[in-house]
Amino acid sequence: MTDLHMHTNFSFDSDELPENYLKQATARGDTHIGFTDHCEYNNPSFPTIVDFDLYFSVWNDLANKYPNIKILKGVEFGYADGVIGKYKQILKKYPFDYCILSIHTVGTRGDCFDLKYYDGLDKRAAYGQYLDETLKAVRSDIDFKILGHIGYITRYAPYADKSL
């Protein structure tokens with residue numbers, strides 16, 4: 001089994017150095033490993049703009065150092081209407097193996113992580129807006145391979161019944 005949704009210190013939500021993952025994977029005898037650090041241009045809670053020249057330089061150096069494990073280089077884009085063009089430019093410029101498209105934010109309400117997202121919304125409205133945004137993401141022309149954690153909203157929702 002290969003985990004294709006891992007973050008390193010290139011993302012806001014990890015401090016782990018890329019090589020530490022490779023050391024563990026090599027010790028386990030893994031043959032593949034995949035990374036998808038965040039790139040979010042329109043997330044007021046967690047804006048993350050990756051230096052992809054550095055990103056690929058680090059991964060290429062590590063691929064030479066660890067030739068027995070295939071390193072899959074991915075990216076996790078946080079969907080938002082106004083940044084689709086930027087994401088398409090990044091995908092065209094860099095040789096990613098795959099792209100995860102995730103929905104963290106909904107319109108101007110912000111990230112579902114932030115409890116302010118839920119202000120004035122009952123569960124049906126909050127989840128409905130999130131699912132509408134998910135549908136827009138799926139219908140976008142971003143070349144993604146994986147829709148990331150569709151239940152993201154349920155992690156942080158303040159409702160007694162968090163089920164989607």
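The values are calculated or read from the model by the stated rules, or taken from the named source; none is laboratory data. What you are looking at is a predicted structure, and each value in this text was computed from that prediction instead of being measured. Neighbour counts are summed over all protein chains in view; Cβ atoms, including those assigned to glycine, are modelled from backbone coordinates with ideal geometry. Only protein heavy atoms, including side chains, enter the accessible area calculation; ligands, DNA and RNA are left aside. Shrake-Rupley method; radii C 1.70, N 1.55, O 1.52, S 1.80 Å.
Using a 1.4 Å probe on the protein chains only, how many percent of the accessible area of the chain belongs to carbon and sulfur? In the chain, the share of accessible area belonging to carbon and sulfur is 52 percent.
Computed from backbone phi, the HN-Hα couplings of segment 132-137 come to 4, 5, 4, 4, 4, 4 Hz, rounded to whole numbers (Karplus: 6.51 cos²θ - 1.76 cosθ + 1.60, θ = phi - 60°; Gly and Pro given as x). Per-residue Karplus couplings for segment 100-112, computed as 6.51 cos²θ - 1.76 cosθ + 1.60 with θ equal to phi - 60°, are listed in order as 9, 10, 10, 10, 9, 10, 10, x, 8, 6, x, 6, 5 Hz, Gly and Pro entered as x. For segment 1-117, the solvent-accessible area with a 1.4 angstrom probe is 51 square angstrom per residue. Take the residue pairs 23/92; 116/162; 86/145 and return only those whose Cα atoms are more than 19 Å apart. Those over the limit are 23/92. With the convex hull of the Cα atoms taken as the outline of segment 3-52, the averaged projected area works out to 3.8 nm².
For segment 1-95, the convex hull spanned by the alpha carbon atoms encloses 95 Å³ per residue. Normalised by the number of residues in the chain, the mean separation of alpha-carbon contacts (under 8 Å, six or more apart) gives a relative contact order of 19 percent.
P(r) for segment 107-164, from all Cα pairs and a bin width of 10 Å, is 22, 54, 21, 3 %, short bins first. Please identify which residues in segment 91-111 have an amide N closer than 19 Å to a label point set 7 Å out from the Cα of residue 138, following the Cα→Cβ vector. Flagged as within label range: 99-107. The shape of segment 23-164 can be summarised by an equivalent ellipsoid whose semi-axes, obtained from the alpha carbon gyration tensor, come to 32, 18, 12 Å from longest to shortest.
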